[in-house]
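K.L.:
Can you keep this structure in mind? I'll have questions shortly.
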Amino acid sequence: MWDPDKYLDFADLRGRPFFDLIARVHAERPRRVVDLGCGPGNLTRALAARWPKATLEASDNSPEMVQAAQAAGVAAEWLDVRDWVPRADTDVVVSNAVLQWVPEHRELLRRWARELPGGAWIAIQVPGNFDAPSHALVRELAASAPWAPLLGSVELREGGAVDTPRAYAELLATQDCEVDAWETSYVQRLSGPDAVLEWISGTALRPIRAALEDADWQRFRAQLAPRLDRAYPPRSDGTTWFEFRRIFVVARTAQR
């Protein structure tokens, strides 16, 4: 389950990579713009503002996120990204911080490039920090003796969950796409106690939260918090520096 309110706690920082991504999409008059993994819909509205004459299609595989998006005025529907098939008039596809959850996403990208019309845009952004302390410490604690019996079957993302920008560029180039791929490390200044813990609670810790009862979840958080504080020491003013690497790919399909 996703918690839209927790996800939106850092809406400005979570949204910045999205805007950096779509800034490189140079579609002028797209007929249909698709947001795969629209979340609570706050960023989908930016797509509607960017291309007001386009038909907007939004979906997410979380019922909670779909409900939040609909409440925000976005006509979102429930859909697993793996089942999405582009309509004939789809000119822009955006997938922001979604495909890291889909092990077979490389084949999805190949299929989209084949099935989209000529000149269509594919824009994806995925986290690239799975080997950072914020994630490595979670895996280490989950695998420790007290927690392994409860969390041994929980799948946590590791570095191999996503590729390098060059690997994605090569993948889409082999599908005759023009490709722009890059990475950015954002040095984010988080505020409040246990800032990094709160950040990952909305995303990376979601599978662990789903696997634990409330009391165990609070105990896991209490054990993880000091580990994260040592890796990301709070500053004297109560803020914390948190580096977050992101991987971006913008591709345009070949003219048919």
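The values are calculated or read from the model by the stated rules, or taken from the named source; none is laboratory data. Worth saying up front: this structure is predicted, and the values here are computed from it rather than measured. Note that we place each Cβ from the backbone using ideal geometry, even for glycine, and neighbour counts take in every protein chain shown.
K.L.:
Mind listing whichever residues of the stretch 235-245 are without any contact (Cβ under 8 Å) to a residue 12 or more places away in the chain and part of a strand (DSSP E or B)? Reasoning before the result, please.
P.N.:
Looking only at the stretch 235-245, we keep the residues that are without any contact (Cβ under 8 Å) to a residue 12 or more places away in the chain, and these are 235-237.
The answer is none; no residue qualifies.
K.L.:
Looking at A204 and the list (1) part of a loop (DSSP other than H, G, I, E, B); (2) in contact with a Pro (Cβ under 9 Å, 6 or more places away or on another chain); (3) without any contact (Cβ under 8 Å) to a residue 40 or more places away in the chain, which single condition is not satisfied?
P.N.:
Failed condition: (3).
K.L.:
Conditions: (1) farther than 30 Å from R110 by Cβ; (2) acidic (D, E); (3) in a strand (DSSP E or B). D216 meets all but one. Number of the miss?
P.N.:
Going through the list (1) farther than 30 Å from R110 by Cβ; (2) acidic (D, E); (3) in a strand (DSSP E or B), D216 breaks only (3).
K.L.:
Within the bounds of the stretch 143-166, is there any residue that is free of Cβ contacts under 8 Å to residues at least 60 places away in the same chain, farther than 19 Å from L13 by Cα and polar (S, T, N, Q)? Give the steps one after another, and end with the answer.
P.N.:
Initial filter on the stretch 143-166 (free of Cβ contacts under 8 Å to residues at least 60 places away in the same chain): 143-146, 148-149, 152-160, 166.
With farther than 19 Å from L13 by Cα added as a condition, the list becomes 143-146, 148-149, 152-160, 166.
This time we only want the ones that are polar (S, T, N, Q), so: 144, 153.
Yes, the stretch 143-166 contains a residue that is free of Cβ contacts under 8 Å to residues at least 60 places away in the same chain, farther than 19 Å from L13 by Cα and polar (S, T, N, Q).
K.L.:
So, one more: Report yes if W51 is surrounded by fewer than 23 Cβ atoms within 10 Å (Cβ to Cβ), closer than 19 Å to A123 by Cα and modelled with pLDDT of 95 or more, otherwise no.
P.N.:
Yes; evaluated as a whole, the condition is true for this residue.
K.L.:
Which one of these is in contact with a Cys (Cβ under 8 Å, 6 or more places away or on another chain) and either of a type in the set (A, V, I, L, M, F, W, C) or at negative phi (or both): A251, A225?
P.N.:
Unique residue meeting the criteria: A251.
K.L.:
Here are some conditions: (1) part of a helix (DSSP H, G or I); (2) within 30 Å of R111 (Cα to Cα); (3) not basic (K, R). F248 meets all but one. Which one does it not meet?
P.N.:
(1)
K.L.:
Is the stretch 164-173 home to any residue that is surrounded by fewer than 18 Cβ atoms within 10 Å (Cβ to Cβ) and among the acidic types (D, E)?
P.N.:
yes
K.L.:
When you scan the stretch 13-63, how many residues do you find that are touching a Cys at 6+ places or on another chain (Cβ under 9 Å), polar (S, T, N, Q) and either assigned to a strand (DSSP E or B) or over 22 Å from I247 (Cβ atoms) (or both)?
P.N.:
Residues meeting the conditions: 1.
K.L.:
Mind counting the residues in the stretch 219-234 that are outside any helix (DSSP H, G or I) and more than 10 Å from S134 (Cα to Cα)?
P.N.:
2
K.L.:
Across the stretch 82-101, which residue is surrounded by the most Cβ atoms within 10 Å (Cβ to Cβ) among those that are more than 23 Å from A23 (Cα to Cα) and modelled with pLDDT of 95 or more?
P.N.:
Initial filter on the stretch 82-101 (more than 23 Å from A23 (Cα to Cα)): 82-85, 87-88, 101.
Narrowing the set further to residues that are modelled with pLDDT of 95 or more leaves 82-85, 87-88.
Details: R82: 13, D83: 8, W84: 20, V85: 8, R87: 14, A88: 9.
Checked the stretch 82-101; the qualifying residue surrounded by the most Cβ atoms within 10 Å (Cβ to Cβ) is W84.
K.L.:
Exactly one condition in (1) surrounded by fewer than 20 Cβ atoms within 10 Å (Cβ to Cβ); (2) modelled with pLDDT of 95 or more; (3) closer than 20 Å to N61 by Cβ is not met by E140; state its number.
P.N.:
Just one mismatch for E140, condition (3).
Condition check ((1) of a type in the set (A, V, I, L, M); (2) at pLDDT 95 or above) across all residues:
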position: D176; (1), (2): no, yes
position: P207; (1), (2): no, no
position: Q223; (1), (2): no, yes
position: R230; (1), (2): no, yes
position: T240; (1), (2): no, yes
position: E243; (1), (2): no, yes
position: V250; (1), (2): yes, yes
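K.L.:
Among the residues of the stretch 54-68 satisfying the criterion of being over 16 Å from the mean Cα position of the chain (by Cα) and of a type in the set (A, V, I, L, M), which is modelled with the lowest pLDDT?
P.N.:
So the residue we want is A68.
K.L.:
Residue by residue through the stretch 194-248, note down the ones that are under 21 Å from the mean Cα position of the chain (by Cα) and among the acidic types (D, E).
P.N.:
Across the stretch 194-248, the qualifying residues are E198, E243.
K.L.:
I'd like to check which helices (runs of 4 or more DSSP H) are fully inside the stretch 82-189 and have at least 2 residues that are in contact with a Pro (Cβ under 9 Å, 6 or more places away or on another chain) and not β-branched (V, I, T). Quick ask: steps written out before the conclusion?
P.N.:
On the way: elements: 105-115, 133-142, 148-151, 165-173.
Correct list: 105-115.
K.L.:
I'd like to know if the stretch 194-206 contains one or more residues that are in contact with a Lys or Arg (Cβ under 6 Å, 6 or more places away or on another chain), surrounded by 19 or more Cβ atoms within 10 Å (Cβ to Cβ) and closer than 30 Å to A113 by Cα.
P.N.:
No: the stretch 194-206 contains no residue that is in contact with a Lys or Arg (Cβ under 6 Å, 6 or more places away or on another chain), surrounded by 19 or more Cβ atoms within 10 Å (Cβ to Cβ) and closer than 30 Å to A113 by Cα.
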